[in-house]
Every structure is written in C-alpha cells, then in structure tokens.
1. If you go through region 1-20, how many residues are open to solvent by less than 50 Å² (accessible area, probe 1.4 Å) and either under 11 Å from the mean Cα position of the chain (by Cα) or over 16 Å from A173 (Cβ atoms) (or both)?
2. Please go through region 60-96 and give me each residue that is of a type in the set (A, V, I, L, M), surrounded by 15 or more Cβ atoms within 10 Å (Cβ to Cβ) and over 17 Å from K135 (Cα atoms), ordered by number.
3. Restricting region 128-147 to residues that are touching a strand residue (DSSP E or B) at 6+ places or on another chain (Cβ under 9 Å) and of a type in the set (A, V, I, L, M, F, W, C), which is surrounded by the fewest Cβ atoms within 10 Å (Cβ to Cβ)?
4. Sort through Y116, Y57 and tell me the only one that's open to solvent by less than 60 Å² (accessible area, probe 1.4 Å), hydroxyl-bearing (S, T, Y), in contact (Cβ under 8 Å) with a residue 24 or more places away in the chain and part of a helix (DSSP H, G or I).
5. Which of the residues belonging to region 100-116 are over 12 Å from the mean Cα position of the chain (by Cα) and over 15 Å from A48 (Cβ atoms)?
6. The conditions are (1) under 25 Å from A31 (Cβ atoms); (2) of a type in the set (S, T, N, Q); (3) within 19 Å of the chain's Cα centre (by Cα), and S228 fails exactly one of them. Which is it?
7. Does at least one position in region 98-110 carry a residue that is of a type in the set (A, V, I, L, M), farther than 18 Å from V22 by Cβ and either touching a residue at least 24 places away in the same chain (Cβ under 8 Å) or part of a strand (DSSP E or B) (or both)?
8. Would you pick out the residues in region 194-225 that are touching a residue at least 60 places away in the same chain (Cβ under 8 Å) and assigned to a helix (DSSP H, G or I)?
Amino acid sequence: MAPRQLPDGFGASPLLVMAPMVKQSDRAFRALVRSYGCTLCYTEMFMAEDFASSAEYRQRALGDGVDAEDHPLVVQFAANDAKSLLPAALKAQEMGADGVDLNLGCPQRRAREGRYGAWLANDETEWPGIAKMLKECSDCSELRIPLSCKIRLQHTLTATMKFAQLLEASGCALLTIHGRKLLCSKSKHREGPADLGAIAAVRGVLRIPVLSNGNVRCPADVARNLRSTGCEGIMVAEQLLNDPALFARATAIGAFAAGPGPSAEELVDEYLAHCATFGAEDENVCFSTWGASNGHVIREHVQRMRSERGPASYASQDHKAMKRTAKRTAEAAGFAA
C-alpha cells in the first residue's frame, strides 16, 4: 500500500521516531538517537496548562527554544481542555516546534489522577471534549504547525476505529497507536505482544498517516513491524533507551551492511559528550520538567544502555540474520552469494 502524505517538515516515510518519554527525552539523548538514524523526535510530556502560563516552565522545557539541529521536533502535551492546549500549542510554535502532540495514551497513575492520557481517552463520555480540544486547535488560523495524537487500543477494535476516526475528523494530522489496551495493573501496561493486526486495521479506516508503536525488541523488528502494519513509520521507546543506535542497525540490515555497530560503552561515551555539550552541569539547564535532576536523568540512560537488553543482547544474532537476508536476496536476484 502506498504511504500517505506526512505533515510538512516531518520528512519522508518511513519515519523512525523516538517516543515521548518522561525524564528520558532530554536534548542530549535526542542528539544521540538522531546521530543513529532517528528521523523524528518527541519531547517528554509537558503539562499544557503550565507550559501556556509559565515562562519559567517553558524555559525548563525547551530552554531558549528549539535549536537548529533539533528538528523535526514534536512537543507533547497532557491536557484535558482547549483552554490550556491551544495556548500551549501556540507557545510551542513560537519556540520553534515542528508539531504538537496530544497525549491520549499515558497509562500511568499521574495520568489517572490528572484525568489525561489513556485514562481520559478510555472514557467514551470524554470523547466530545477531546474532539472539541482538537477542533479548536485545528480551526485556529494562528496555529500553523500540525497537531498529532498518541493513543492506545480501546476496549474493542470497533471502539478504537471509532475513536481514531473522531480524532481524524477533529483535526488530528498524524496518529500514533500503541498496540496494547489500558490495563488496571501498572505491571501489565507493556505486558504481552502489541497487537499489530489491530494497528493495521485501524489504519485501514483512516486517511491520515499512522505510526505504529510496540513490539520492537531488536533491530530486525523494525522492518517486521512496518511490514505487518503498513504504517508510515514506527515509534520506539523502551528498546531505543536500551540501544540508541537501534534505527541505524535496522537500516543496516535492510542495506546488507556489515558490522555490528557501536557497543554499549561507545554509546555511553557519546551520550556523555552530548550531555557536556548541552550543559548538563549548568544549574540553569533542565533535562526534565518532572522533578528529576540532570544527574538522575543521565544515570538512568547510562544504566539502560549497559543493561542486559542493550546492544550486546542481540548484536550477534542480528548480524547473522543480516547475512542470511543478504544471501537470500542475492540468490533471488540470480547472483552468487
């Protein structure tokens, strides 16, 4: 199936996207993943009301604005009314954002307590209010950057399709679908495989481009996911934290390139260099708006890269798979492998 037109400034399909991650989508990490093939980054989730009303909060969130090497960048907001979302979106545009995203997929307790994210989207009585939020933004002539949404699967596939169509009709220009439902147990939000078939089915009833989210554990999973869903791109969170070079490795598999890529320690060194570049030791520089110190954010990243799920966990396996794929392709083309 032919890829759909992406919003202006977002690049070409397939998009390889870093997910919005609270306390982990800092500027230094965005620079690292961009250097390894990530074509679109999201910020961590910001509170729309605070972003709209507080210059101090905006400074902590985006510093003096989006710098020239940090594009394209989508700023994600948590909101439950247009009075905060639209002013926040306009401020993000003013600071150089390439798009704004409404978080309708966060399953965490803070979202339940604040009535946003998946807890807002999972209640069908809230859908008219969500539609109103989007419509007020899309109808605003001053807002020139696209508005996107990130959701989880609803309780049924039919409900997910209905909700996605409502978002599209209300002005959503790009939809990301996490292929799992909202569950009551915190430990089960990412448990089990994401339903890629459901993501493909929802995309099938839409006209806007869709990003698939879920089921990426190694580089080879990127292409598998895109083939299964037919989406215009893929968004990754957990495995990109473990391996910031994930997208480069995935691209190398498709191009039959040799070599396993950077090790965990090489990635850690590069990340720390980016941290120094972007002022991690400056008390006026903030890596997260969620109460974590810069040191805490950095330690979390380093621990993830050095974890058992980091590059060393699959480099050998994927390199062998890459060689087998290259051999099959060469044989199919009539060349000696």
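1. Residues meeting the conditions: 6.
2. Quick first cut of region 60-96, residues of a type in the set (A, V, I, L, M) only: 61-62, 66, 68, 73-75, 78-79, 82, 85-86, 88-90, 92, 95.
Restricting the remaining residues to those that are surrounded by 15 or more Cβ atoms within 10 Å (Cβ to Cβ) gives 61-62, 66, 73-75, 78-79, 82, 85-86, 88-90, 92, 95.
The answer is A61, L62, V66, L73, V74, V75, A92, M95.
3. Step one: filter region 128-147 for residues touching a strand residue (DSSP E or B) at 6+ places or on another chain (Cβ under 9 Å), giving 130, 133-134, 137-138, 143, 145-147.
Then drop every residue that is not of a type in the set (A, V, I, L, M, F, W, C), which leaves 130, 133-134, 137, 143, 145, 147.
Details: I130: 26, M133: 27, L134: 25, C137: 24, L143: 18, I145: 22, L147: 26.
Here the answer is L143.
4. Numbers: Y116 fails: part of a helix (DSSP H, G or I).
So the residue among Y116, Y57 that is open to solvent by less than 60 Å² (accessible area, probe 1.4 Å), hydroxyl-bearing (S, T, Y), in contact (Cβ under 8 Å) with a residue 24 or more places away in the chain and part of a helix (DSSP H, G or I) is Y57.
5. If the condition is that a residue be over 12 Å from the mean Cα position of the chain (by Cα) and over 15 Å from A48 (Cβ atoms), then P107, Q108, R109, R112, E113 are the ones that fit.
6. Checking S228 against (1) under 25 Å from A31 (Cβ atoms); (2) of a type in the set (S, T, N, Q); (3) within 19 Å of the chain's Cα centre (by Cα), the one that fails is (1).
7. Kept after step one, since they are of a type in the set (A, V, I, L, M), are these residues of region 98-110: 100, 102, 104.
After this cut, where a residue has to be farther than 18 Å from V22 by Cβ as well, the list is none.
No, there is no match, as no residue in region 98-110 is of a type in the set (A, V, I, L, M), farther than 18 Å from V22 by Cβ and either touching a residue at least 24 places away in the same chain (Cβ under 8 Å) or part of a strand (DSSP E or B) (or both).
8. Scanning region 194-225 gives A220, V222.
The values are calculated or read from the model by the stated rules, or taken from the named source; none is laboratory data. The shown structure was predicted, so the numbers you read here are calculated from the model rather than taken from an experiment. Methodologically, a virtual Cβ is constructed for each residue, glycine included, from the backbone with ideal geometry; neighbour enumeration extends over all protein chains shown. Surface areas here come from the heavy atoms of the whole protein model, side chains and all, with no ligands, DNA or RNA. Shrake-Rupley method; radii C 1.70, N 1.55, O 1.52, S 1.80 Å.
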